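Written below as structure tokens is the structure these notes are about.
The values are calculated or read from the model by the stated rules, or taken from the named source; none is laboratory data. Every value quoted in this text rests on a predicted model; they were computed, and no experiment measured them. With ideal geometry, Cβ positions are generated from the backbone for all residues, glycine too; neighbour counts draw on all protein chains shown.
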Amino acid sequence: MAFFTHHICRGLSSSAVRHVVIKNVTIIGGGQMGAGIAQVAASTGHAVTLVDTNEDILKKAVKGIEGNLKRVVKKKFADKPEAGEEFLQKAMQNVSISTDAGSVVQGTDLVVEAIVENLKVKQDLFGGLDKLAPAHTIFASNTSSLSITDIASSTNRLDRFGGLHFFNPVPVMRLVEVIATSSTSQETFDSLLNFSKMLGKTSVSCKDTPGFIVNRLLLPYILDAVRMYERGDGSKEDIDIAMKLGCGYPMGPFELSDYVGLDTMKFIMDGWSAANPDNPMFAQSEVLNKLVAEGKFGKKTGEGFYKYK
Ligand SMILES: CC(=O)CC(=O)SCCNC(=O)CCNC(=O)[C@H](O)C(C)(C)COP(=O)(O)OP(=O)(O)OC[C@H]1O[C@@H](n2cnc3c(N)ncnc32)[C@H](O)[C@@H]1OP(=O)(O)O
Ligand SMILES: NC(=O)C1=CN([C@@H]2O[C@H](COP(=O)(O)OP(=O)(O)OC[C@H]3O[C@@H](n4cnc5c(N)ncnc54)[C@H](O)[C@@H]3O)[C@@H](O)[C@H]2O)C=CC1
């Protein structure tokens, strides 16, 4: 059953905003992003089901969520350990896991997809879920670089499909990009904006253009740094130090690449390079290709541009 609320938007005089109240959330993909989104949604009172392809990944994700929440509790409830324990218990009770997306979407208000950055895989997932999810359920993708319109085209709910692009690490980064396609209804868009607010995030509205706002600016910068290193114009360590101390960035481009995941970086690059074969900004990077071919995806595998073991 769908729940709707009406309220008057501040600053928009009398324009009534109608949105679906999101209580039950299915998050597909229990990797770094999916687990982070699940953590934030569960700790803000949402009933979350986290879905992945196997139990081991899900168990690892839940363990990570619990560990991160303990860190939060230690700081936030330093003087009130009992309230902290209650917060932790409640948040953890809000998380369940499943390897069968089809069965859990039947009771969900929102599906947030955070699986591998591959158009076909995302389309197959949403195409299947479209047939099983209730009519009111909103679908959203956390894609970094793919077109939301293309992903949504595998479904018959174009009006109830949008983008919710979170940033890594989700519990810490305060932004969510909310993306509307030309078919996304106002109600869906407002529901996604409201959900982001309920998570305690600040949202910005984006059009369905490659990389939305942040990645359209961030990826070319990172790639320029990789090319600078490939040309031998600077060591990766020096480039990282330069951007941290010279610009006040929390991480240099190589540290950030390892943090995002070099596999994900390559998926993004390959997509953009296929769509813009003549644009040197998206030309293949030998170094990136080699590291990915060797399974060195960055922090999550223990090695990327740097070693973490
Ligand atoms: C690819 C895409 O599509 C889009 C993207 O996401 S692009 C990537 C965007 N992300 C970034 O640019 C991240 C840049 N890096 C940073 O902001 C920081 O280095 C960082 C927040 C990751 C770590 O910060 P740090 O100061 O070096 O480390 P640390 O002291 O451990 O952490 C800072 C705080 O974050 C918390 N934290 C760090 N990682 C966390 C995690 N995974 N989960 C929960 N909390 C975390 C810590 O507990 C700490 O909290 P307090 O300040 O309350 O003590
Ligand atoms: N890493 C980052 O910094 C960011 C990534 N993103 C996007 O979020 C998505 C996920 O990225 P990460 O979490 O970094 O990847 P990840 O590799 O950490 O996790 C992906 C998870 O999806 C699971 N998966 C793959 N196919 C599946 C399927 N069909 N059904 C269920 N689960 C499936 C995998 O088993 C894996 O656990 C990608 O689209 C990525 O572009 C968005 C913002 C930031």
Quiz item: Does Asn168 satisfy the condition of being away from ligand 1 (no atom under 16 Å from the Cβ) and either within 26 Å of Asn215 (Cα to Cα) or modelled with pLDDT of 95 or more (or both)?
Solution: no
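Looking for whichever is outside any helix (DSSP H, G or I) and either out of contact with any Lys or Arg (no Cβ under 6 Å at 6 or more places or on another chain) or within 15 Å of ligand 1 (Cβ to nearest atom) (or both) here; the options are Gly30, Gly34, Gly84, Gly64. Which one fits? Break it down into steps so the answer makes sense when it comes.
On the way: Gly34 fails: outside any helix (DSSP H, G or I); Gly84 fails: outside any helix (DSSP H, G or I); Gly64 fails: outside any helix (DSSP H, G or I).
Result of the check over Gly30, Gly34, Gly84, Gly64: Gly30.
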Quiz prompt | Residue pairs meeting the criteria (Cβ under 7 Å; at least 6 apart or on separate chains; first closer than 13 Å to Val40 by Cα, in the range 191-206; second assigned to a helix (DSSP H, G or I) and among the β-branched types (Val, Ile, Thr)) | solution = Leu199/Val40
Quiz item: Which of the residues spanning the range 121-165 are in a loop (DSSP other than H, G, I, E, B) and either within 16 Å of ligand 1 (Cβ to nearest atom) or on the phi > 0 side of the Ramachandran plot (or both)?
Solution: Asn142, Thr143, Ser144, Ser145, Leu146, Ser147
Quiz item: Ile97: in a strand (DSSP E or B) and surrounded by fewer than 23 Cβ atoms within 10 Å (Cβ to Cβ), yes or no?
Solution: yes
Quiz item: Is at least one residue of the range 112-120 of a type in the set (Lys, Arg) and surrounded by fewer than 18 Cβ atoms within 10 Å (Cβ to Cβ)?
Solution: yes
Quiz item: Picking from Gly252, Gly232, Gly271, Gly261, which residue would you name as being on the phi > 0 side of the Ramachandran plot and under 24 Å from the mean Cα position of the chain (by Cα)?
Solution: Gly261
